[in-house]
1. Could you check segment 3-25 and list, in sequence order, the residues that are out of contact with any Leu (no Cβ under 8 Å at 6 or more places or on another chain), part of a loop (DSSP other than H, G, I, E, B), in contact (Cβ under 8 Å) with a residue 40 or more places away in the chain and not basic (Lys, Arg)?
2. Note down all Cβ pairs under 7 Å where the first residue falls in segment 173-195 and is open to solvent by 60 Å² or more (accessible area, probe 1.4 Å), the second is of a type in the set (Ser, Thr, Tyr) and at pLDDT 95 or above, and they're at least six residues apart or on different chains.
3. Tell me, yes or no, whether segment 76-95 has at least one residue that is open to solvent by 60 Å² or more (accessible area, probe 1.4 Å), outside the structural domain of residue 30 (by the TED database) and at pLDDT 70 or above.
4. Filter segment 55-75 for residues that are within 14 Å of residue 31 (Cα to Cα) and either in contact with a Ser or Thr (Cβ under 7 Å, 6 or more places away or on another chain) or aliphatic (A, V, I, L, M) (or both); which is least open to solvent (accessible area, probe 1.4 Å)?
5. Among (1) assigned to a helix (DSSP H, G or I); (2) open to solvent by less than 100 Å² (accessible area, probe 1.4 Å), there is one condition residue 149 misses while meeting the rest; what is its number?
Amino acid sequence: MPKKLTNEDLEALKLWLTEHEVHYKNLNRDASDAVLVVNLLKKIHPKLIDLHNYPSRNNTQLKINNWETLNLKVLSKLGLQQSKTMLEKLAKGTIGAIEALLNDIMLMEKANRARGDKRDDEQEQLWSENDDLMMVTVNKKIGDAIIQVPQKMILYSIYEQVVRKSQAKDIYLSASQQKITHLENVLKLKTERIEELCTQLAKVSVRSLMKQHNLETSSSNSALPTETLNNNNDNNNDQSNLRTRRTITINAESSSYSSPTNTTKRTGHSQIPKRVKSPTSQAYQPVIPSPSATIQSIKSSPFL
């Protein structure tokens with residue numbers, strides 16, 4: 001059940017709403033979609049409220065959705081979390097529900113304001129107890145009028161000390177910035193050098209690969225003529241051996257024509273020695289027997 005307010009509480013609540021410029025005709029009906037409360041909390045806690053999350057609603061369920069969003073994102077953080085039953089009563093416009101919630105918000109805002117004023121008083125007391133500070137009254141022109149305004153002042157020696165510290169920090173920051181710039185330049189040069197060395201390394205690698213390829217190609221080409229030359233030498237040796245054999249055979253046959261035991265081919269009433277065809281060569285000349293030697297060989301033949 002929502003808290004029942006007295007007439008004095010209701011009057012104080014109306015004055016508080018008027019101070020915050022909250023206008024309404026029927027408070028329960030106008031605040032049923034939570035938009036009125038959202039706009040009020042936006043003035044008190046602007047960082048907690050996103051107005052686009054709370055559009056105007058006409059359906060009861062959609063109004064409950066607005067209240068649930070407000071309860072989760074805002075009221076729970078302020079220590080004013082409401083129950084589900086209370087949210088349904090707020091969405092339905094139940095009499096006394098919205099007044100109780102607004103009264104809690106009013107009390108919280110007044111308590112925060114009182115604590116804020118207390119902190120301001122403590123700060124003023126701290127300033128007054130500090131011997132380095134003093135309050136003076138200065139004339140300040142506002143519009144056409146000149147009024148006297150209290151202003152806090154400090155000793156000039158303290159001001160000089162603060163300025164010196166500030167200048168020392170500026171010098172340190174400047175030196176640090178120069179170091180950073182120098183290191184950036186060194187890093188840039190190192191990067192360029194690394195890229196240059198990588199390019200040179202790539203070129204050397206390409207040259208090495210090309211040289212190796214050329215060596216392999218030249219070795220394969222030189223092996224082929226050597227093999228061909230060896231084959232030619234073998235062929236020349238075979239031809240020389242063949243010529244030698246042929247020369248020996250021809251010489252043997254030539255000597256057989258002059259021997260009485262040589263066999264001759266009989267043809268009719270005469271025997272004609274068999275001629276052997278000699279190979280064409282400038283170094284070899286065939287030996288042809290004379291006619292008298294041939295006739296003598298025929299007469300001496302045992303076949304006659």
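The values are calculated or read from the model by the stated rules, or taken from the named source; none is laboratory data. Just so it is clear, the structure is predicted and the values come from calculations on it, not from any experiment. Here the Cβ positions follow ideal geometry from the backbone for every residue, glycine too, while neighbour counts run over all protein chains shown. Calculation scope for accessible area: heavy atoms of the full protein, side chains included, ligands and nucleic acids excluded. Shrake-Rupley method; radii C 1.70, N 1.55, O 1.52, S 1.80 Å.
1. Within segment 3-25, no residue meets the criteria.
2. none
3. no
4. In this case the residue turns out to be 70.
5. With (1) assigned to a helix (DSSP H, G or I); (2) open to solvent by less than 100 Å² (accessible area, probe 1.4 Å) applied to residue 149, the lone miss is (1).
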